[in-house]
């Protein structure tokens, strides 16, 4: 029960579950015109979004008589559900056995044991129906142990219901009913199913996007092992309501981990690799929308402390090929490596297309940023050789028109102190170049060729 009257004293940690804050991520990708917000679920008492279904599944089992006093909870888990169950079990008098795949971090295992749970570790690289898989080991232990109950988050409807009844309504209210797109990682499917269903009940036009690691079955690519923890699967759980999700965006381990590191560096939010997966997908969706009236919401499922020895360890990241030579440089150093450069070329929104073509010829550049007529530090778009070609093919005589007729989205911006790895990440994606700024003042443009030459020097 919540505190009554003037008291702010809660009766147990279970009352602290939910009502996590929603935060605007305005520094992660400053060039985004679409609002990007995130629900900070690592502020739940057990440290993750899984506290919500853990409590819901235990309470449902108690009501149904499937879980009795002194019983044992056996759960196949990537760690966070096990932690949520262990927290509730400590207050309700149950034992917990968490059965985990061996790719999970040492910190998660140690934390589970600190809560009093027994941890059984199983191989990751086996089929889900193998007797060695953590799913089948959990099944066997449930059968063998007297009084054992397996909540089984993959097939328990209390999982998505917990998010339909709490996370979804909170997000809708906190956003001022402004969410137009939900982007979330897909593990058991409980979070995205419950939240997505609630949001679509409020507004059927809301788009729900699943962020999926490369190697997971959900997005349709080849199934293979991957290192991001807690999301993706090699089978389809019943807790995932497939009709809720409109599309998937696939994200690599490397991009997920680098985005998690970028989040703490830029926003001060210390979160895990699966948050990086969700944010990579959310940023992609926000760029595609490019609408200041839209709002992309995502979920930060857990914090970064369980991944200090992995995602936030430079040696681990280098060992697995996720940190390149660019990680040792800043964007400003790349500009210096390139040598002296002329001031960045720009045109205004009211300039003629012919003026842009003259600049491209004179300075041997392939794209020119377009700045606002009100603020020369505000980039409103880009004119490239490609956009000029397309426009000329469709409308001969375009050279006399204003550049707004051939405008493409603005180039992404990086500050001088950003790691060069961020430039590598952007140029490996859809970006053709990046603008380097200092205190809002543009210093130069970096292209893929510039990166290749600077890094090899």
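Overview of values
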item: Odd one out for residue 375, checked against (1) crowded, with 17+ Cβ neighbours inside 10 Å; (2) within 21 Å of residue 34 (Cβ to Cβ); (3) without any contact (Cβ under 8 Å) to a residue 24 or more places away in the chain; result: (1)
item: Which listed residue is at pLDDT 80 or above, loosely packed, with under 15 Cβ neighbours inside 10 Å and in contact with a helix residue (DSSP H, G or I) (Cβ under 9 Å, 6 or more places away or on another chain), from 362, 405, 358; result: 405
item: From 193, 166, residue being in contact (Cβ under 8 Å) with a residue 60 or more places away in the chain, buried (at least 20 other Cβ atoms within 10 Å of the Cβ) and out of contact with any strand residue (DSSP E or B) (no Cβ under 8 Å at 6 or more places or on another chain); result: 166
item: Filtered residues of segment 105-126 (kept if out of contact with any strand residue (DSSP E or B) (no Cβ under 8 Å at 6 or more places or on another chain) and surrounded by 15 or more Cβ atoms within 10 Å (Cβ to Cβ)); result: 105, 107, 111, 126
item: Residue within segment 117-124 that is at pLDDT below 95 and within 23 Å of residue 17 (Cα to Cα) present; result: yes
item: Selected residue [buried (at least 20 other Cβ atoms within 10 Å of the Cβ), at pLDDT 95 or above and either assigned by TED's automatic domain parsing to the domain that holds residue 426 or closer than 20 Å to residue 169 by Cα (or both)] from 52, 24; result: 52
item: Test: residue 182 is modelled with pLDDT of 95 or more, farther than 18 Å from residue 127 by Cα, part of a loop (DSSP other than H, G, I, E, B) and in contact with a helix residue (DSSP H, G or I) (Cβ under 9 Å, 6 or more places away or on another chain); result: no
item: Segment 127-151, residues that are over 19 Å from residue 69 (Cα atoms) and buried (at least 16 other Cβ atoms within 10 Å of the Cβ); result: 133, 134, 135, 136, 137, 138, 139
item: Meets criteria (modelled with pLDDT of 90 or more, outside the structural domain of residue 228 (by TED's automatic domain parsing) and within 27 Å of the chain's Cα centre (by Cα)) for residue 70; result: no
item: Scan of segment 265-296 for residues that are assigned to a helix (DSSP H, G or I), farther than 18 Å from residue 210 by Cα and at pLDDT 95 or above, ordered by number; result: 267
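The values are calculated or read from the model by the stated rules, or taken from the named source; none is laboratory data. If you're wondering where the values come from, they're calculated on a predicted model, not measured in any experiment. Positions of Cβ are backbone-derived with ideal geometry, glycine not excepted, and every protein chain shown enters the neighbour counts.
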